[in-house]
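> This is the structure, below, for whatever I ask next.
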Amino acid sequence: MNLHEYQGKSILQKYGVSVPFGIVALSPDEAFEAAKTIQKQTGSDKWAVKAQIHAGGRGKGGGVKIAKSLEEVRRYADEIIGMMLVTPQTKKEGKLVRKVLVEQNIYYPGTEEVEEYYMSILLNRDEGQNMVMYSPRGGMNIEQVAEETPDEIFTEVIDPKVGLTGFQARRIAFNFGLSGTSFKEMVKFVSALYDAYLGADASLFEINPIIKAADGRVYAADSKVTIDNNALYRHKEIAAMRDLNEEDPLEVEAGRFDLNYVKLDGNVGCMVNGAGLAMATMDMIKMSGGNPANFLDVGGTADAKRVEEAFRIILKDPNVEAILLNIFGGIVRCDRVAQGVVDAYHNIGNINVPIIVRLQGTNAEEGKELIDKSGLKVYSAITLQEAAELVNEVVN
């Protein structure tokens, strides 16, 4: 589950990571009042007004502004709230901005001394351990840094039995070229950030940039946080932060029926039981001349009702020109899936796209008989090769 910047920072603050003082606003007037409160508490005479969407690169799209007066805060908030913000991480139509984060200025006097760093904590899948990845070149695309100057990307792999050690935290601060107060601040920062990562059951904490201010203090100027969905039952307060407006409506609807659905940009909808078979099916669709419109795993306990709901979700995608149903009956019974296909046809009505059905395994013959006797215009396949040829025929 992805979090907004302000939500991620609330978790960081809980674990002792220094973050700028900020207030979320849903309107220009709220942003104006937030700026006044921030000024009263921090003395800040400048403010950052930042669009809150689940995407990076907001500044490049005009979603981050520095206001030098209270009226500028109101004006920038008015410009940003309601805009369709396009960034390198959004679709071409962008994302609707519904709220902004107004923050204190941390580039206070002595800005020539301010430095920016990059840091993230995530799972190193090769090692099977967590790691800290960091670079002294923060505030820009880390992918570009990795490509152009890979020697400026550092990592610390963390033994889960020991955790982040003091010498690792000090080595990170040393590689940033820090000394004195800022060195000590960075050591505390890294340790607290790792505690937040573990405590929140996160799969990613990314801070870009970390700011070393003129007085040596270290702040998380931004935060990108992803929480492991499987651990949300342990974090009711984090689960409550979920923003459904930032998620694909079809994926949200699929979740209500315990369907594993991810929308893609292709033209062939697919419904499969089992993630591995779903991936193989998507490859088959691609090789046969089509493009997968979705990943959809109905699971091993799919019944007629869930299959019908899966059909409804696939058909809501206007790009779908055909549907491939590929079921291997191990735990799931093929006749139940077939009944779901028949029910979907009768209950949804006006299904104008061709449907290719491949059933193998438990009660496959009974399932095929159900479909054949239904009178529906459904293409039946026995082998993967036959299914591939049918996909090629109907999409071309």
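> Any residue that is closer than 27 Å to GLY289 by Cβ and among the basic types (Lys, Arg) - is there at least one of those in the stretch 318-340?
no
Conditions (1) assigned to a loop (DSSP other than H, G, I, E, B); (2) surrounded by 21 or more Cβ atoms within 10 Å (Cβ to Cβ); (3) modelled with pLDDT of 80 or more, marked per residue:
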{"residue": "ILE323", "(1), (2), (3)": "no, yes, yes"}
{"residue": "ILE327", "(1), (2), (3)": "no, yes, yes"}
{"residue": "VAL332", "(1), (2), (3)": "yes, yes, no"}
{"residue": "VAL337", "(1), (2), (3)": "no, yes, no"}
{"residue": "GLY340", "(1), (2), (3)": "no, yes, no"}
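> Do you know which residues across the stretch 242-265 are part of a loop (DSSP other than H, G, I, E, B), over 22 Å from GLY329 (Cβ atoms) and in contact with a Lys or Arg (Cβ under 8 Å, 6 or more places away or on another chain)? Let's see the steps before the verdict.
Looking only at the stretch 242-265, we keep the residues that are part of a loop (DSSP other than H, G, I, E, B), and these are 242-243, 247-248, 257-259, 264-265.
From the residues that got through so far, the ones that are over 22 Å from GLY329 (Cβ atoms) too are 242-243, 247-248, 264-265.
Scanning the stretch 242-265 gives a single hit, ASP248.
> List the residue pairs whose Cβ atoms are under 8 Å apart, where the first residue sits in the stretch 310-335 and is closer than 19 Å to ASN396 by Cα, the second is part of a helix (DSSP H, G or I) and of a type in the set (D, E, K, R), and the two are 6 or more positions apart or on different chains.
As it stands, the answer is none, since no pair meets every condition given.
> Another one. When you scan the stretch 6-56, how many residues do you find that are of a type in the set (Ser, Thr, Tyr), in contact with a strand residue (DSSP E or B) (Cβ under 8 Å, 6 or more places away or on another chain) and either part of a loop (DSSP other than H, G, I, E, B) or not assigned by TED's automatic domain parsing to the domain that holds VAL225 (or both)?
So the count comes out to 4.
> Right, next: Which numbered condition trips up THR42, out of (1) surrounded by fewer than 18 Cβ atoms within 10 Å (Cβ to Cβ); (2) within 29 Å of ALA240 (Cα to Cα); (3) among the hydroxyl-bearing types (Ser, Thr, Tyr)?
Among (1) surrounded by fewer than 18 Cβ atoms within 10 Å (Cβ to Cβ); (2) within 29 Å of ALA240 (Cα to Cα); (3) among the hydroxyl-bearing types (Ser, Thr, Tyr), the lone unmet condition for THR42 is (2).
> Do we find that GLY266 is at positive phi and outside the structural domain of LYS91 (by TED's automatic domain parsing) in this structure? Step through it out loud before you land on a result.
Numbers: at positive phi: no; outside the structural domain of LYS91 (by TED's automatic domain parsing): yes.
Judged against the criteria, GLY266 is not a match.
> What number of residues within the stretch 368-387 are surrounded by 14 or more Cβ atoms within 10 Å (Cβ to Cβ) and free of Cβ contacts under 8 Å to residues at least 40 places away in the same chain?
10
> Here are LYS212, LYS224, LYS236: which of them is surrounded by 21 or more Cβ atoms within 10 Å (Cβ to Cβ) and outside the structural domain of GLY57 (by TED's automatic domain parsing)?
Exactly one residue qualifies, and that residue is LYS212.
The values are calculated or read from the model by the stated rules, or taken from the named source; none is laboratory data. Nothing here was measured: the structure is a model prediction, and the numbers come from that model. Because the Cβ atoms are built from the backbone with ideal geometry, glycine has one as well, and the counts that use them run over all protein chains shown.
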